[in-house]
Ligand code: PDD
């Protein structure tokens, strides 16, 4: 397995980190998960832009210029002979230094990216999934795709333990997003989702969902909905690079709409299908 690092490509087994690495000790870093379909990137520009935005927000210099990142990411697929559906995980940490909360004057950022096969979640997309609700106990800057994912990890774990696919996060009842996806409420043919403020991740697929609604003349309303609104939803769905567009049929055991994937969700899924292929 060829891994991209800040110094070029290395073999997976030769990748070693010092014990005082800020990514490990402080979660001091950022990441991206990029979708690959049949050996080609999907929404690469959106991901690269967000990568640089996240890095700038926490004062990390991405070790490569934008043009070079594109080249290296293409090389990553070539070197690993990827021609199927996959995902690329890329992370950048502030680097290694004696442990101190404040940044050292100069550190060399550590970057690594690897590619892994990932078939599309076709049966979940077709049949729908269930979710739980969970307190959003994260910080206020979730637009930064930071490595600090403990609240997300614990929320997803609780969903898993309850036999659900995702955790819908809310702050005092106001739904923000899910543990690793964005979420949408459908009522009377309109789509509602939390505005792209600092307290949610601005999903790359979310941007496409907005564009699909535009194309299909569906009103896309950036207005937060509440946990108690869920019972009146006609449809509910989530989106992410790995989950694509997925119907949610039950929340905390309560059936949404008529308990089947709805027509609007199907329309958005169809748009995604056309866009990604
Ligand atoms: N997660 N919200 C959160 C909190 C996320 O972690 C993600 C993505 C999304 C959707 O973003 P996008 O459409 O750009 O994939 C929303 C990735 C897949 C992950 O952490 O594995």
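Derivation of every value follows stated rules applied to the coordinates shown; laboratory data play no part. Because the structure is predicted, anything quoted here is derived from the model rather than measured. Because the Cβ atoms are built from the backbone with ideal geometry, glycine has one as well, and the counts that use them run over all protein chains shown.
Tabulated values for the structure
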| item | result |
| --- | --- |
| Exposure proxy ranking, count of Cβ atoms within 10 Å, fewest first, for 153, 245, 251 | 153, 251, 245 |
| Within the chain, percent of DSSP bridges classed antiparallel, to nearest 5 | 80 |
| Degrees separating the helix 204-215 axis from the principal Cα axis of the chain, which is the longest one | 40 |
| C-alpha long axis of helix 263-276 to longest principal axis of the chain, angle in ° | 30 |
| Helical contribution to [θ] at 222 nm, DSSP H n ≥ 4, -39,500 (n - 2.57), averaged over the chain, rounded to 500 | -8500 deg cm²/dmol |
| Cα centroid separation, segment 38-79 to segment 97-155 (Å) | 17 |
| For segment 1-109: relative contact order, % (alpha-carbon pairs under 8 angstrom, 6 or more apart) | 39 |
| Global size of segment 2-117 as Cα Rg and Dmax, reported in angstrom | 14.3, 44 |
| Net lengthening on full extension, residue 53/residue 127 (0.36 nm per residue, minus Cα-Cα) | 23.1 nm |
| Kirkwood hydrodynamic radius of segment 126-241, Cα pairs, Å | 14.4 |
| Least to most buried among 207, 125, 246 (fewest other Cβ within 10 Å first) | 207, 125, 246 |
| Cα-based Rg and Dmax for the chain, where Dmax is the largest Cα-Cα distance (Å) | 19.3, 58 |
| Helix axis angle, 150-161 relative to the chain longest principal axis, alpha carbon, degrees | 50 |
| Ascending count of other beta-carbon atoms within 10 Å, so fewest first, for 178, 271 | 271, 178 |
